[in-house]
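Heads up, the thing below is written out as structure tokens.
Bear in mind that the values in this text are calculations on the coordinates, not laboratory data. On a predicted model such as this, the values are computed, not experimentally measured, just so you know.
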Amino acid sequence: MDKLKLCPFCGSVNLAQDAALSDYIECRDCGAYGPDGGVEGWNTRAESPELTAANARVAELKRVNAIMDEELRTKTQALFNLESENKVLKDIDAHRQPHFESLQQEYYAERDRRMKLEEALGQLHDSASEYAADQSGANDPRCGVVQPISVADGEALNDALRRAAALLEKK
Ligand SMILES: [Zn+2]
């Protein structure tokens, strides 16, 4: 049996071929029936202008709905992609944080070593200056006669040199 068109009077799909009237189609919602010609007669009967307009409106709304469905699908996908990206970025951040902290600790340790090295170099410089001052009283710098360095100055100089060397080795 061909698909029956909607009832032209009320738009119902609740239609049946009436047993008593055999050839007629009857609407079980509004009671409309006829005409002769069975399914073909029913399907080719003139529709009311209101129903034609309503059907056109339904078709238009279905078309708009399909477009909005597609838009919604696209936007849902975009949202999903953004959420995935966000998760990746969060993971990167989580991995980066401990690495950053360890680099920061290394930096502070290095800065500390450098400060100690500068202090040791300062002491070395002081010791060297004292030694140089001692030489100002040398008999004649031109003949290369210099006063021997005092034991205390020598020890201080050696000590400063050892500390500077130890700090340099740590690097
Ligand atoms: Zn009807």
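What to note about this one:
- Between Y33 and A78, the contour length at 0.36 nm per residue exceeds the alpha carbon distance by 11.0 nm.
- Working note: Debye formula, equal point scatterers on the alpha-carbon atoms of region 19-130, no solvent; log10 I(q)/I(0) at q = 0.21, 0.23, 0.24 Å⁻¹ is -1.12, -1.18, -1.21.
- Debye intensity ratio I(q)/I(0), log10, region 44-108, q values 0.13, 0.16, 0.17 Å⁻¹ (C-alpha model): -0.65, -0.75, -0.78
- Overall dimensions of region 77-122, expressed as equivalent-ellipsoid semi-axes from the Cα gyration tensor (√(5λ), whole Å, largest first), are 44, 7, 4.
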